């Protein structure tokens, strides 16, 4: 009887405090949860070898501050990428990122310590991470990541 009473008191204490869900402290924060639903992944494969990987999160529905364009948080891994920082990742001259056929207006390389990088899912140490701004596009968003040598991948948002 004491065990049952103890369990009932524990359940009451855990569910009575805080938010509607007493176990909310076990979950991720709201931006992280929203980001998962707006995140797509693609890769470029040639000769059964992964040449490049892209993971992109469409930021406009998550953060209302982004109004003057279409913004994406992009993670990129390119095999045998340049050692030179000015030519690696999205700055690699053999790789291109387009939204509905349009080039980015701005590509900003991010540090992993930024708040945005910490709020995004799937941010591994070996990825190069960027904030990319495109001109505003109405309707479906087709993000194309293509290689001059190996083909392309398409992410639909």
Test result for residue 124, closer than 25 Å to residue 30 by Cα, touching a residue at least 12 places away in the same chain (Cβ under 8 Å), part of a loop (DSSP other than H, G, I, E, B) and touching a strand residue (DSSP E or B) at 6+ places or on another chain (Cβ under 9 Å): yes
Residues that are within 17 Å of residue 108 (Cα to Cα) and assigned to a loop (DSSP other than H, G, I, E, B), drawn from the stretch 127-157: 127, 135
Output for the stretch 101-116, where each listed residue is closer than 19 Å to residue 60 by Cβ and part of a strand (DSSP E or B): 102, 106, 107, 108
Residue within the stretch 58-66 that is modelled with pLDDT under 95, in a loop (DSSP other than H, G, I, E, B), touching a helix residue (DSSP H, G or I) at 6+ places or on another chain (Cβ under 8 Å) and buried (at least 17 other Cβ atoms within 10 Å of the Cβ) present: yes
Top-ranked residue of the stretch 25-41 - restricted to ones that are touching a helix residue (DSSP H, G or I) at 6+ places or on another chain (Cβ under 8 Å) and modelled with pLDDT of 80 or more, ranked as nearest to residue 53 (Cα to Cα): 35
Restricting the stretch 85-110 to residues that are under 16 Å from residue 129 (Cβ atoms) and in contact with a helix residue (DSSP H, G or I) (Cβ under 9 Å, 6 or more places away or on another chain), the residue that is modelled with the lowest pLDDT: 85
Residue list for the stretch 124-157, restricted to those being in contact with a helix residue (DSSP H, G or I) (Cβ under 8 Å, 6 or more places away or on another chain) and farther than 15 Å from residue 59 by Cα: 128
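The values are calculated or read from the model by the stated rules, or taken from the named source; none is laboratory data. Everything numeric here is computed off the predicted structure, so don't read it as measured data. Here the Cβ is made from the backbone with ideal geometry for all residues, glycine too, and neighbour counts use every protein chain on show.
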